[in-house]
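One structure below.
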Amino acid sequence: MTYLPAKTRYDAMTYNRCGRSGLRLPAISLGLWHNFGGVDTLENARAMIFRAFDLGITHFDLANNYGPPPGSAEETFGKILAQDLSRYRDELIISTKAGYWMWPGPYGEWGSRKYLIASLDQSLKRMGLEYVDIFYSHRPDPNTPLEETMMALDFAVRSGRALYAGISSYTPEQTQAAARILRALGTPCLIHQPAYSMFNRWVEDGLLNVLDDEGIGCIVFSPLAQGVLTDKYLQGIPEDSRAGKSHGFLRPEQVTDEKLDKVRTLREIAQARGQTMAQLALTWVLRRKTVTSALVGASKVRQIEDSVGALAHLDFSQEELDAIEAILRA
Ligand SMILES: NC(=O)c1ccc[n+]([C@@H]2O[C@H](COP(=O)([O-])OP(=O)(O)OC[C@H]3O[C@@H](n4cnc5c(N)ncnc54)[C@H](OP(=O)(O)O)[C@@H]3O)[C@@H](O)[C@H]2O)c1
């Protein structure tokens, strides 16, 4: 069956400007780290991508190594694009990254120009694309000069392989240095992709200020703490959950009683606001104006619907924020 996107797809989504760039991103974006690999079902992957697009999610985030096996999420996305979405390419923001281990030998990970450009070429081939919208350095490399990694991003853009450059998980100091180099090269840093959630607040300690000062956008990954900030683990670990799957990056021992106790109390605030726990967690990261987009994952269509539902109630009272703060700090 040919997929026809909903005519209403731009009616309800919020689009936020990415830093001081001309690009706007949906407040909720979809990442393909889990559930789009070779081990997963193509039909479910298709259904999630289509529903996301129907809801106004124009941004899909990938990386060379997403799967498993590594590379297979890009292949899955490439198949879906070729069959059903290629006509809508100009309505989509597709990102990929390189930085983590991808192939054996000294050129298969980290931040050298050799690795980054070879990896991007492989990603384009797997997705069947001429260019990606955003290409990221997936992690800082302590052993490669920052100039080399940034020159590789600049080259990716100048050679037409990518429209914009981004960095992920760089510290505030590294971000400032990267921004300076990229600006001098003439390819400004569009976006930073850090982890941020109620359970992981490292970005509040300097990074968000740097992004504000530099005019760099911010798309936060794992805003649901990989699913812990939902109600799914309150009665144990379901078999079909990320912590229940042997290849999931969330391990059962990370789902601690301490976190679950907090989720139980936070859920009361969510309920009083007429939100699900997941919606509260997403609204909470989006309360910071520096955050352009919350980058969620999903294993089911209804999770995407739930996440987008967060946008119906974005404002917080000071009492709610204080109550959340007290729970998180307890
Ligand atoms: N730059 C980096 O280094 C980096 C690192 C990690 C991730 N990322 C990016 O960020 C994206 C999101 O990361 P993430 O998947 O960890 O994000 P997340 O949104 O924190 O967790 C997603 C998981 O939570 C569960 N979930 C989602 N919505 C739900 C809902 N409404 N109700 C109940 N459960 C729900 C699902 O788990 P179940 O499978 O258990 O259903 C889903 O797979 C990735 O796909 C990737 O693109 C980037």
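The values are calculated or read from the model by the stated rules, or taken from the named source; none is laboratory data. It should be emphasised that the depicted structure is a prediction, and the values quoted were computed from it without experimental measurement. Heads up, the Cβs are rebuilt from the backbone with ideal geometry, glycines too, and the neighbour counts pull from every protein chain shown.
Tell me whether segment 64-74 contains one or more residues that are more than 12 Å from the ligand (Cβ to nearest atom) and under 21 Å from residue 8 (Cα atoms).
No, because not a single residue in segment 64-74 is more than 12 Å from the ligand (Cβ to nearest atom) and under 21 Å from residue 8 (Cα atoms).
So which of 184, 195 ends up being surrounded by fewer than 22 Cβ atoms within 10 Å (Cβ to Cβ) and more than 16 Å from residue 99 (Cβ to Cβ)?
Among 184, 195, only 184 is surrounded by fewer than 22 Cβ atoms within 10 Å (Cβ to Cβ) and more than 16 Å from residue 99 (Cβ to Cβ).
Among the residues of segment 249-264, are any within 8 Å of the ligand (Cβ to nearest atom), of a type in the set (Ser, Thr, Tyr) and either closer than 19 Å to residue 195 by Cα or modelled with pLDDT of 95 or more (or both)?
No, there is no match, as no residue in segment 249-264 is within 8 Å of the ligand (Cβ to nearest atom), of a type in the set (Ser, Thr, Tyr) and either closer than 19 Å to residue 195 by Cα or modelled with pLDDT of 95 or more (or both).
Kindly indicate whether residue 295 is of a type in the set (A, V, I, L, M, F, W, C) and assigned to a helix (DSSP H, G or I).
no
If a residue has to be within 16 Å of residue 297 (Cβ to Cβ), of a type outside the set (Phe, Trp, Tyr) and at pLDDT 95 or above to count, how many in segment 216-244 make the cut?
The qualifying residues number 17.
Among the residues of segment 291-305, are any in contact with a Cys (Cβ under 7 Å, 6 or more places away or on another chain), more than 13 Å from the ligand (Cβ to nearest atom) and β-branched (Val, Ile, Thr)?
Within segment 291-305, one or more residues are in contact with a Cys (Cβ under 7 Å, 6 or more places away or on another chain), more than 13 Å from the ligand (Cβ to nearest atom) and β-branched (Val, Ile, Thr).
Would you point out which residue out of 236, 217 is more than 10 Å from the ligand (Cβ to nearest atom), in contact with a Leu (Cβ under 9 Å, 6 or more places away or on another chain) and either under 30 Å from residue 9 (Cα atoms) or not β-branched (Val, Ile, Thr) (or both)?
Going through 236, 217 in turn, just one is more than 10 Å from the ligand (Cβ to nearest atom), in contact with a Leu (Cβ under 9 Å, 6 or more places away or on another chain) and either under 30 Å from residue 9 (Cα atoms) or not β-branched (Val, Ile, Thr) (or both): 217.
For residues in segment 53-63 being away from the ligand (no atom under 12 Å from the Cβ) and among the hydrophobic types (A, V, I, L, M, F, W, C), which is surrounded by the most Cβ atoms within 10 Å (Cβ to Cβ)?
Taking the candidates together, the pick is 57.
What pairs come up if the first residue lies in segment 249-269 and is in contact (Cβ under 8 Å) with a residue 60 or more places away in the chain and closer than 16 Å to residue 231 by Cβ, the second is of a type in the set (A, V, I, L, M, F, W, C) and loosely packed, with under 13 Cβ neighbours inside 10 Å, and their beta carbons are under 8 Å apart, counting only those six or more places apart or on different chains?
Going by the 8 Å Cβ cut-off, the qualifying pairs are 262/330.
From the residues in segment 3-50 that are charged (D, E, K, R) and in a loop (DSSP other than H, G, I, E, B), which one is farthest from the ligand (Cβ to nearest atom)?
Looking at the filtered set, the residue picked out is 7.
Find the residue count for segment 205-231, including only residues that are in a loop (DSSP other than H, G, I, E, B), without any contact (Cβ under 8 Å) to a residue 40 or more places away in the chain and surrounded by fewer than 23 Cβ atoms within 10 Å (Cβ to Cβ).
Count: 2.
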